[in-house]
Protein chains: 2
Amino acid sequence: MSVSNAPAMKKLRFALSLALFTGMPLLSQSQTTDVLESPDGHLQVRLATDTEGHLSYEVNYKDLAVIRPSRLGFLLEKPHMRLQRFLVLDRQNASADTTWEPVLGEVARIRNHHNELALELQDATGSGIRVMVRFRVFDDGVGFRYEFPDQEALDHFIIKEEVTEFALAGDHKAFWIPGDYDTNEYLYNTTRLSDIAALDAVARERDIAISSPIGDNAVQTPLMLVADNGLYINVHEAALVNYSTMNLVLDKATLTFRSHLVPDAVGNKGYLQTPAHTPWRTLVISDTPEAILASKLILNLNEPSQIEDTSWIRPQKFMGVWWEMHIGKGSWDLASGNHAANTENVKKYIDFASEHGIDGVLVEGWNEGWEDWFGNWKEDVFDFVTPYPDYDLDELTAYAATKGVSLIMHHETSGSVTNYERRMDRAFQYMKAHGMHTVKTGYVGKIIPRGEHHDGQWMNNHYIRVARKAAEYQIMVEAHEPSHPTGLHRTYPNWLANEAARGNEFNNAPALGITPEHQTILPFTRLMGGPMDFTPGLFHFKLNQFVPERTTVVRTTLAKQLALYVTMYSPLQMAGDLPENYRKHPEAFRFIVDVPVNWQDTRILEAVSGEQVIIARKDKESEDWYVGGITDEQERTARITFDFLNKGQSYMATLYKDGPKAHWDHNPEAHTIETRMLRHGTPLKVTMAEGGGFAIKVKAVK
Amino acid sequence: MSVSNAPAMKKLRFALSLALFTGMPLLSQSQTTDVLESPDGHLQVRLATDTEGHLSYEVNYKDLAVIRPSRLGFLLEKPHMRLQRFLVLDRQNASADTTWEPVLGEVARIRNHHNELALELQDATGSGIRVMVRFRVFDDGVGFRYEFPDQEALDHFIIKEEVTEFALAGDHKAFWIPGDYDTNEYLYNTTRLSDIAALDAVARERDIAISSPIGDNAVQTPLMLVADNGLYINVHEAALVNYSTMNLVLDKATLTFRSHLVPDAVGNKGYLQTPAHTPWRTLVISDTPEAILASKLILNLNEPSQIEDTSWIRPQKFMGVWWEMHIGKGSWDLASGNHAANTENVKKYIDFASEHGIDGVLVEGWNEGWEDWFGNWKEDVFDFVTPYPDYDLDELTAYAATKGVSLIMHHETSGSVTNYERRMDRAFQYMKAHGMHTVKTGYVGKIIPRGEHHDGQWMNNHYIRVARKAAEYQIMVEAHEPSHPTGLHRTYPNWLANEAARGNEFNNAPALGITPEHQTILPFTRLMGGPMDFTPGLFHFKLNQFVPERTTVVRTTLAKQLALYVTMYSPLQMAGDLPENYRKHPEAFRFIVDVPVNWQDTRILEAVSGEQVIIARKDKESEDWYVGGITDEQERTARITFDFLNKGQSYMATLYKDGPKAHWDHNPEAHTIETRMLRHGTPLKVTMAEGGGFAIKVKAVK
């Protein structure tokens, strides 16, 4: 940190420490105010201290209040103190306007354009502790974090709570899930802020493996807010490293959220050593909802790739021995007598993947331990290197190689993370010895170390440890049941995707399942943090296919399942259904075969959380575009103007859309496939059925 | 388990489960009593259930009460229930009389001679849960444990508390340390049972890194008791595997101890899955104190070696860059400017060890991380593979090899065990790459996983994991700051020794230090569980050698330090002092050079806890004997009759004894060395000074 006027600063510090040392009262200080604006001037952050040193910030957008004055600070456990009153020692301004290229992504190049203000603060209660508060203001939002520089007064310290407030300017409409230490797989709720009732929402859930709800006013981020004055505000965090996940607890009287970090086994919320910093607290702000989805603010606040050679990192599509267990055709465990992960069955998947150019085949239930894997807080549950006797991995490795398909490893931990960590090296070595380059991890269960939570600092570090160690072995990772993503796929581009939300598999959950609006909310919430392995592509909708008494259904049309490959960004996409179900609709499956998973450009054509999302993306490797549109339970008509196509270029569009009488509940499979020529600016009207959608391949021709 | 009358049993079980199922009250059952005697008939165990099904045991020795009727049972957390009332379904008797050979030990052969009774019990409250209680009665004591067989009614379960009672028959004299979840490094206290005041004892301690005392009536095992009627009783446990360490809490009104297991981070005390069993609860019983020390009961209750090829396991003596840090000559950390583990200094140790036939040189402070290692609950503290820049391990590896000396690795974890476990494989690989075969582990600090304790189930499993993984690499282990040993060196003979008590280094602790009686108590307490790395051999007694203002002293004479190599059994013995201090007494050091660390026979000649211990041991490799005698702060005269020597054999004895005016406080170094011839039956009188002792090498000649 550079100090603008070092000698003066030294003097001030000396005076202060003298004052503290001699027990003299602190010099009363006047209020301070600092203002920081976005490059385009629309966003304004105002930082102020009052006469007692309390620090607060406020945010305005085009003269509309986004965040009213809100306190910043900490409660520390060690040293045991409040860190909420400050002297402003110094202020530094900076700005940046750079462009960088993600390894994989929605766009080929990302602009990082912001202005920055860092306040250097000293605790006003006499500890001598120094803290920096750093704000970055982009045209599309604000990020800020706390920094604890290397200093004599503070080395190791323990956080009792972060006290960051978000005082909202109105009783906004909110898209929220209950605050929780262990799961983010809740269905989204849409209410006014004043109507948040998290524990009621928890009580409606029946199908989440492990939950640790926080309280009735607690919600998770990303939290999407829509104000009556037309403002769209998304609250989240970026670069969640060596820190606990932030939940938000609402004071309904003041419509103010306060941060609530996930505790560890003994109730502490963070162990840090200077120099250290928190994640960025992010506010993506706009007066159009599409700009929220287009924002790259969270990625811009993450660190560049820590992996130097990224040539081995590949976007992928895969199938898997997975859904058939969820719908009761097979089982994960051998003792069931119905073991799906057997050599013969996996060969069928390999054959189908190979025929259709699908890169990988995931195999769940391949290894010993599934008889006994869940619900017992068992530590030595899987060893990650012992296949069931009916699963001949050597044979399948050779077979897959001849078919040009890669097997994808599955490391379900059952939440027993100590066990996984001590076996991880050998597990990755085992993968490499069998030609596998991608692992799906899973954390279904109460965490071991017992008392730790999925979303605590220890586990957040674990997920990163996996990504880092996997990178040592040139292995790509996607995690199921991790904490909420915060853009770390920029820093660890081999960490391709996460579940970390209610994915397609919940269609099979009897209590709440997945509502038709769900997929229109996910881009505004979960996906703000990064790619999701939603496992789209279900072609069979009544889930009594193998167990006739089941009543659960997939609440989308077939065309909507196709659209999800475009509306849900991920460099790793599953074709979730069974080969036999795809064989019934080979023409529709063609879209899944064709759709890329890596893009050079993305346009958010229309997006309203809870209603509809229409997105166009341009293939990273060609001039082709793909468009996906989805709606909630309402029939809607999409009107697309293809003004993003190259001028003078002809395109052949293949349109996969809902059939005339399609409906998510009583006619989900009905779809039609049409082709037509398009040019720059061609208008197109597509009707989406209730719970429906459409997908378009727009191929550049001649 | 065999059932004597299977069809009848089946019928009974059916009737019971029917009764439970239909809510019918259980048939009232009559009292049952079973009696089990030791092979020699002196020890008698009586097991009884009362009319309500409460199970109790009592123990008598030669018609004297050892344990009055004492309850057995459990509180379970999951399923949530009391498991204390039983129906006796079956009883099985067995007996054994076998002999086995330890890999390393005090004797070449060990006889396992006992009678056994196993009661098969069923919970009387209707759960259907079955439990076995298995008793083994030896001539020198009793072992019993609970077993949970594989069964429909119980698979995974969680222990809330084990409720095993030890109702004593009088207000015995007890040698105890405070019950604690994290340390066993307390000084021993000697009081009547009714005068136990554990928290007062804790309050006197100032130099223990981490302690978690349980309560004023809580003590640890091994607990040594001396009854007014001349009985000696030692309470401990054997084969502590996958279970929490047992502490004992005294009800002073009834003089009854009750088991108190060490909890985990969330307060549970054990996670088990059937089939499972507890450790053995052990009572070593005799009417002579010497028989307590001679007992092999705890070893007999441990499982045979799980390591098949033990040819690489070697007893060893070593020196180390260690004590000079404790006494302020050097430091562990490089930043101190006084870093002891530098290449040049270590070469001096290698030279000295090589000159004197000492096998190994331990180097503490060799690796990065010591600047910041203690007191911060820091997770990523050491990586175990990065030497400080002034420590050239490659050069030292080559140098040690030319000198015929092995370097001994030091893995201080700072209590950050998650960190150690995830790095252990690479740490052991690093050792092997540098020709190292022995590691000293350390656990100074609060445990990570945070909330776990040194003595909990998770850590007890960790210590075993280290021994097992080390064995994969043919590495021998000694642990500092582990939980109390329970004879597991039989099962893992590469786990050579442990600290796990107040060792010689506490001479340097200013508050209590080590009292002259301490070493006479250790064989009756800590050493009942296995070898101790006490690090004897201090030749410099005023510990102001390098820091003049220090007032701490070693409270023994020099001769007593020599005697400890015989009185404290360990296959791994340190010559604890600095080469320069040994060079001042080369004749005395000769005993340390000569004394073996592996034995074919051992005779406890005289032993009174808290007063004196005199032991003779026969070298495993020759006909030579070594005798060690130590006293407390009293001058005593030892009278030895060498009736254990071979008849017709001549022996040359070298006697290292206290000088005429030797005294632990004002004249500790005074010693005389004499030689004389001995034969079978020769009597010898040796005076031990206050805080003194003697050591004799008895060499077979001609």
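How big is D for the protein assembly as shown, in µm² s⁻¹ as a whole number, if Stokes-Einstein is applied with the Kirkwood radius of its Cα pairs at 10 °C and 1.306 mPa s?
45 µm²/s
Give, in nm to one decimal, the length gained when the segment between A:Val35 and A:Asn229 is fully stretched (0.36 nm per residue of separation minus the Cα-Cα distance).
Residue separation times 0.36 nm, minus the Cα-Cα distance, leaves 67.5 nm.
Using the Karplus curve 6.51 cos²θ - 1.76 cosθ + 1.60 with θ = phi - 60°, work out ³J(HN,Hα) for each residue of region A:138-146 in order, rounded to whole Hz, and write x for Gly and Pro.
9, 5, 10, x, 10, x, 8, 8, 9
Bin by bin, in steps of 10 Å, what percent of the Cα pairs in region B:544-702 do you find, going until the bin that has the longest distance?
Bins of 10 Å from zero give 11, 41, 35, 10, 2, 0 percent of pairs.
For B:Glu669, what is the net charge nearby, where nearby means another residue's Cβ is under 15 Å from its Cβ and Lys, Arg count +1, Asp, Glu -1?
Net charge around B:Glu669: +1.
List the distances, in nm to one decimal, from the label point of A:Lys685 to the label points of the same position in every other copy, shortest first, placing each label point 7 Å from Cα along the Cα-to-Cβ direction.
Those label-point separations list as 12.4 nm.
Normalise the Debye intensity by I(0) for chain B, one equal point scatterer per Cα, no solvent, then take log10 at q = 0.06, 0.08, 0.10, 0.11 Å⁻¹ and round to two decimals.
-0.35, -0.62, -0.96, -1.15
Which of the aspartates and glutamates could be linked to A:Lys62 by a straight reach, that is with a Cα gap under 13 Å, when you skip same-chain ones fewer than 8 residues away?
Straight-line reach from A:Lys62, under 13 Å: A:Glu37, A:Asp40, A:Asp139, A:Asp140, A:Asp287.
Tell me the relative contact order for region B:163-257 as a rounded percent, counting alpha carbon contacts under 8 Å between residues six or more apart.
35 percent
At a Förster distance of 30 Å, what's the computed FRET efficiency of A:Lys62 paired with A:Ala108, Cβ-Cβ distance as r, to 0.05?
The pair A:Lys62/A:Ala108 has a calculated efficiency of 0.50.
How big is the Cα convex hull of region A:214-332 in projection, averaged over all directions, in nm²?
Convex hull of Cα atoms, orientation-averaged projection: 13.5 nm².
Nearest 500 deg cm²/dmol is fine: what mean residue ellipticity at 222 nm does chain B get from its DSSP H runs of n ≥ 4 alone, each adding -39,500 (n - 2.57), divided by its residue count?
After summing the helix terms and dividing by the residues of chain B, the value is -5000 deg cm²/dmol.
Please give the FRET efficiency for A:Arg468 paired with A:Gln151, using the beta carbon to beta carbon distance and R0 = 30 Å, rounded to the nearest 0.05.
0.60
Scale the Cα Rg of region A:234-278 by the rule-of-thumb value 2.2 N^0.38 Å and send over the ratio, two decimals.
Compactness ratio reported: 1.35.
Ordered by residue, what ³J(HN,Hα) values in Hz, to whole numbers, does region A:611-622 give under the Karplus form 6.51 cos²θ - 1.76 cosθ + 1.60, where θ = phi - 60° and Gly and Pro are x?
10, 7, 9, 10, 9, 10, 9, 9, 3, 5, 9, 8
Using alpha carbons only, how many degrees (0 to 90, rounded to 10) separate the axis of helix B:343-355 from the longest principal axis of chain B?
For B:343-355 against chain B, the angle is about 90 degrees.
Less than 13 Å apart at the alpha-carbon level, and either on another chain or at least 8 residues along: which aspartates and glutamates does that give for A:Lys699?
Output for A:Lys699: A:Asp594, A:Asp619, A:Glu621, A:Glu623, A:Asp624.
In degrees between 0 and 90, to the nearest 10, how far off the longest principal axis of chain B does helix B:457-472 point, with axes built from Cα atoms?
Roughly 60 degrees, rounded to the nearest 10.
Which percent, nearest 5, of DSSP beta bridges in chain B are antiparallel?
Antiparallel bridges make up about 85 percent of those DSSP assigns within chain B.
Could you grab the relative contact order for chain A? Cα pairs under 8 Å, six or more apart, rounded to a whole percent.
This gives 11 percent for chain A.
Taking 0.36 nm per residue of sequence separation and subtracting the Cα-Cα distance, how much length would be gained by fully extending the chain between B:Val385 and B:Asp195, in nm to one decimal?
Using 0.36 nm per residue and subtracting the Cα-Cα distance, I get 63.5 nm.
Step through the residues of region B:441-453 one at a time and calculate ³J(HN,Hα) from phi using the Karplus curve (6.51 cos²θ - 1.76 cosθ + 1.60, θ = phi - 60°), rounding each to whole Hz and writing x for Gly and Pro.
9, x, 9, 7, x, 5, 6, 10, x, 4, x, 7, 10
Amide H of A:Gly537: which non-local residues (sequence gap of 5 or more, or other chain) have their own amide H closer than 5 Å, using H built in the peptide plane?
Residues meeting the criterion, in which the H sits 1.01 Å from N, are A:Gly576.
Return a whole-number percent for the relative contact order of region A:312-413, with Cα pairs under 8 Å and 6 or more residues apart as the contact set.
31 percent
Which pairs break 18 Å Cα to Cα here: A:Lys440/A:Lys584; A:Lys348/A:Lys403; A:Lys560/A:Lys685; A:Lys269/A:Lys440?
Pairs exceeding 18 Å: A:Lys440/A:Lys584; A:Lys269/A:Lys440.
How far is B:Glu633 from itself in the other copies, in nm, if each label sits 7 Å out from Cα along the Cα-Cβ line, shortest first?
For B:Glu633, the inter-copy label distances come out at 8.4 nm.
Please list, ordered by chain and number, the residues whose modelled amide H lies under 5 Å from the amide H of B:His663; skip anything fewer than 5 residues away on the same chain.
B:Ala670
At what distance in angstrom do the alpha carbon centres of region B:563-598 and region A:203-274 lie from each other?
Value for the Cα centre distance between the two parts: 61 Å.
Non-local amide H neighbours of B:Thr602 (under 5 Å, H modeled in plane, Pro and chain starts lacking H): which ones?
Here B:Lys618 satisfy the definition.
Just the Cα atoms of region A:479-535: what Rg and Dmax do they give in Å?
11.9, 38
What FRET efficiency, computed as 1/(1 + (r/R0)^6) with R0 = 51 Å and r the Cβ-Cβ distance, is obtained for B:Glu308 and A:Val444, rounded to the nearest 0.05?
So the FRET efficiency works out to roughly 0.85.
Expressed as a whole number of Å, what is the distance separating the alpha-carbon centroids of region B:324-391 and region A:408-476?
33 Å
Given label points at 7 Å from Cα along Cα→Cβ, what nm distances, shortest first, separate A:Asp251 from the same residue in every other copy?
Result, one decimal in nm: 5.2.
At 0.36 nm per residue, and after removing the present C-alpha to C-alpha distance, how many nm does the segment from A:Thr402 to A:Asn544 gain when stretched out fully?
47.6 nm
Tilt of helix B:558-567 relative to the longest C-alpha principal axis of chain B, in degrees (0 to 90, nearest 10)?
The angle comes out at about 40 degrees.
Pop a pseudo-label 7 angstrom from the Cα along the beta-carbon direction at both A:Asp665 and A:Gln649 and give the gap in nm to one decimal.
4.3 nm
Coordinate-derived values only; no laboratory data. For clarity, every value in this text was computed on a predicted model and none was experimentally measured. No Cβ is skipped: glycine too gets one built from the backbone with ideal geometry, and neighbour counts run over all protein chains shown.
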